[in-house]
Structures are given as C-alpha cells and as structure tokens.
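Visitor: Following this message is one structure expressed as structure tokens.
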Amino acid sequence: MNTKAIYATCLFAALNICTLSARAESNVQAQTYTYGSHLDIQKVLSLTEDPQPACGVVNAHMTYLDSMGHKQALDYRKFSDNCSNEN
C-alpha cells in the first residue's frame, strides 16, 4: 500500500514539474521587429492583427517555433488584411 502512495506522489510531482515548465514557455516575451532583424522561424503557430475596418497599417503579432523548437513571439507592423482588394 505504501509503494502505491509513493508512486502516486512521484507521478504528481513529475506532472507538476512538467506543468510549470509549460507555463514558463507559454509566457514568451515578444520581440519587436526592426529592419535587418535575424528571424529564425521554423513553424508559425499563430498570426493576429489589431482589428481595423479600413485599409491601413496595423500592429500584428506572430507566435512561432524557432529551429531549436522554442516558442518565440514577434510584434511587427503590416498593411491590414482589409487592403487586399485595394490598389
């Protein structure tokens, strides 16, 4: 009976350690893009932009994995997706 309790305690401790490391990775500090910045993007996880009803420049945010598999975030400026039909 004691060995089951010890195994259960070890399992919960291991799960808590994994949860803490996952939380640390999810709180990634976003970098701001500047011209000439070196970007190491292996896989894009999400792209978002500030809502704007008209065509114009908006703030955008990209979350991605680098070549080492670490989660990164990037803030940048871009033309709104609403500009696709305008010249």
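Visitor: Considering only residues of segment 26-47 that are loosely packed, with under 10 Cβ neighbours inside 10 Å and not in a strand (DSSP E or B), which is modelled with the lowest pLDDT?
Guide: Checked segment 26-47; the qualifying residue modelled with the lowest pLDDT is 26.
Visitor: If you take the residues in segment 46-79 that are of a type in the set (S, T, N, Q) and in contact (Cβ under 8 Å) with a residue 24 or more places away in the chain, which one is farthest from residue 28 (Cα to Cα)?
Guide: 52
Visitor: Hey, can you tell me all the residues within segment 48-87 that are part of a strand (DSSP E or B) and aliphatic (A, V, I, L, M)?
Guide: Those that are part of a strand (DSSP E or B) and aliphatic (A, V, I, L, M): 57, 58, 60, 62, 65, 73, 74.
Visitor: Continuing with this model, one more query. Within segment 48-87, work out how many residues are hydroxyl-bearing (Ser, Thr, Tyr) and loosely packed, with under 12 Cβ neighbours inside 10 Å.
Guide: Result for segment 48-87: 3.
The values are calculated or read from the model by the stated rules, or taken from the named source; none is laboratory data. On a predicted model such as this, the values are computed, not experimentally measured, just so you know. Glycine also receives a Cβ, built like all others from the backbone with ideal geometry; neighbour counts cover every protein chain displayed.
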